[in-house]
Amino acid sequence: MPLLGLVAAGLQGLLYLAGSTRHGWAALTAWQILWVSFLGPVGIGLLAGLLGRRETTARGGGAWWRPVTGRRAHLAGFVVLAGYALVMQLAVLLAAVPFGWVGDLSFPGPVGHLLLVAAALWVSTLALLAVAHQVALRAGLLAATGFGLVWALAGTFTAETSGWWWQPWAWTVRAMLPLTGTHANGVPLEPGSPLVGASIWPALLATALLAAGVTAIGSRPWRRARLLRRSAAGHAAHATAARPVRLPRRWRVTGPVAALVVGLRGTSIAPLLLVAAGTVPLGLWLWADPTTTTQLVALLLMPVGTTLLPVLTWQAVAPAWRALGARPLPPAALSARLALVNAGAVVVFGAWCGLLLGAAGLGWSDAAELTALLAVTGTALTWWHLWLAVRWHIAVALAAGAVGTLLALVVGGTGLATQLWIVVPWAWAETGTASPARLVVCLGLSVGASALLFLACRPAGIRAAAATAP
């Protein structure tokens with residue numbers, strides 16, 4: 001997880017060098033708002049979710065039968081999480097300093113001030129960490145990560161309202177605005193703004209008190225017997241869900257692809273696909289201009305969808321993946337079919353979006369370009385995140401998807417697209433329609449990347465089947 005801080009620092013530094021109109025250490029620090037308002041809360045949720053997933057899957061690793069109280073074990077877990085969160089915040093701030101040296105800023109720079117900012121940022125996220133820890137222990141990794149995303153969006157929208165003081169999700173962003181020198185949307189503060197020189201202590205103290213309260217209260221119901229019953233019930237439910245569906249003989253479809261599709265029933269994939277499909281007509285109903293809905297689809301739905309789809313797919317099939325080594329169909333061939341199942345969902349969604357937007361007045365030629373980009377580029381991104389999940393871990397895929405979504409929103413929706421569009425494939429469905437030459441480049445690179453990733457998924461599947469743990 002500290003590596004996510006290094007990636008965010010690199011992103012912050014590159015955006016400063018490529019797109020900043022101001023020059024100086026304050027301008028470099030201003031890009032920190034991307035971490036404060038989006039990547040940071042998602043990273044905190046992901047961090048808490050990883051520990052919760054490990055504790056639930058391993059049933060405490062034997063600690064539930066040891067002579068240690070539940071409160072003590074819970075507090076120990078939170079202390080470990082807080083330590084990792086501090087390292088992550090330090091990495092974000094300090095790893096961006098070399099980019100200032102590259103940009104001819106003074107050496108060594110305001111390192112002491114950045115350490116203070118990192119400490120304030122760490123304290124401001126403790127409440128989120130405490131709540132996400134509770135969510136992770138009860139609902140799992142994806143719920144904790146999604147909670148971090150919702151916390152980020154709610155905090156960004158409410159940090160500058162008059163009622164920020166009673167909304168915990170606004171405290172993190174509110175405390176950091178005087179230090180970053182920007183509004184919550186990244187726009188620099190105007191001279192004379194009330195946020196310039198505003199005290200950060202009320203928000204920090206409120207966050208610390210809330211974190212202490214949630215951690216103390218949340219450790220009380222942390223009972224081992226209930227967790228053990230939940231674990232046993234989860235195994236029983238999984239065994240029940242694995243029973244074959246009895247269909248009439250004329251409706252039965254056999255083969256590995258059919259087995260994979262049946263194995264994915266009961267997951268949240270189908271509801272999320274329906275929500276994404278329903279968002280398109282809802283956006284057309286809310287906004288009369290189909291261009292706005294096009295941006296929603298290209299810059300938000302596609303980056304998020306191409307991340308969640310392979311992650312949920314692999315999470316569903318991973319528990320049985322190791323057993324496939326004893327089956328007639330080798331894991332490499334099944335990995336290829338798993339990739340094709342994911343690509344099929346992306347292509348169908350792209351065709352649905354193109355059909356609706358074309359009928360809404362976007363123009364059939366523009367709708368055809370969007371469909372092609374959604375299908376081809378979306379397939380490449382889906383296979384990229386699938387390879388990350390299979391070869392490394394679903395947390396790596398989620399972190400990469402979060403970074404890609406942020407880049408799509410920052411680059412694809414601003415003037416930075418004229419300079420940085422080529423390095424942000426998550427936004428190609430939007431930036432690739434700027435010219436015919438750019439469309440050809442995006443489609444060509446996506447096809448090449450898809451071919452390489454399709455081949456890479458096969459050895460990744462073999463390695464996952466041979467691993468000690470799925």
task: Write down, largest first, the equivalent ellipsoid semi-axes of region 358-470 in whole Å, where each equals the square root of 5 times an eigenvalue of the alpha-carbon gyration tensor.
output: 30, 16, 12
Local electrostatic count, LEU51, Cβ distance below 15 Å [Lys/Arg +1, Asp/Glu -1]: +3
query: What ranking, highest mean first, results for peptides 270-282, 286-298, 345-357 when packing means the other Cβ atoms within 10 Å averaged over each residue?
result: 345-357, 286-298, 270-282
- request: Name the residue farthest towards the positive end of the dipole of the chain from the options TRP25, PHE38, CYS442, assuming +1 on Cβ of Lys and Arg, -1 on Cβ of Asp and Glu, about the Cα centre.
  value: PHE38
message: Above 31 Å lies some portion of the pair distances; for the chain, what is it as a whole percent of all C-alpha pairs?
response: 48
message: Out of the total accessible area of region 18-95 (probe 1.4 Å, heavy atoms of protein only), what percent is carbon and sulfur?
response: 62
- line: Sorted by chain and then number, the residues having a modelled amide H within less than 5 Å of the amide H of THR182, at least 5 places away or on another chain, are LEU189
field: Share of alpha-carbon pairs per 5 Å distance bin for region 349-391, given as whole %
entry: 5, 26, 23, 15, 11, 9, 6, 4, 1
field: Per residue solvent-accessible surface (Å²) - the chain, probe of 1.4 Å
entry: 47
field: Semi-axis lengths, Å, region 101-195, gyration tensor of Cα atoms, sqrt of 5 times eigenvalues
entry: 28, 19, 12
Heavy-atom accessible surface of region 323-384: percent carbon and sulfur, 1.4 Å: 73
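The values are calculated or read from the model by the stated rules, or taken from the named source; none is laboratory data. Source: prediction; values computed, not measured. Virtual Cβ from ideal backbone geometry, glycine too; neighbours counted across all protein chains shown. Ligands, DNA and RNA are stripped out before the accessible areas are found, and what is left, the full protein with its side chains, is counted by its heavy atoms. Shrake-Rupley method; radii C 1.70, N 1.55, O 1.52, S 1.80 Å.
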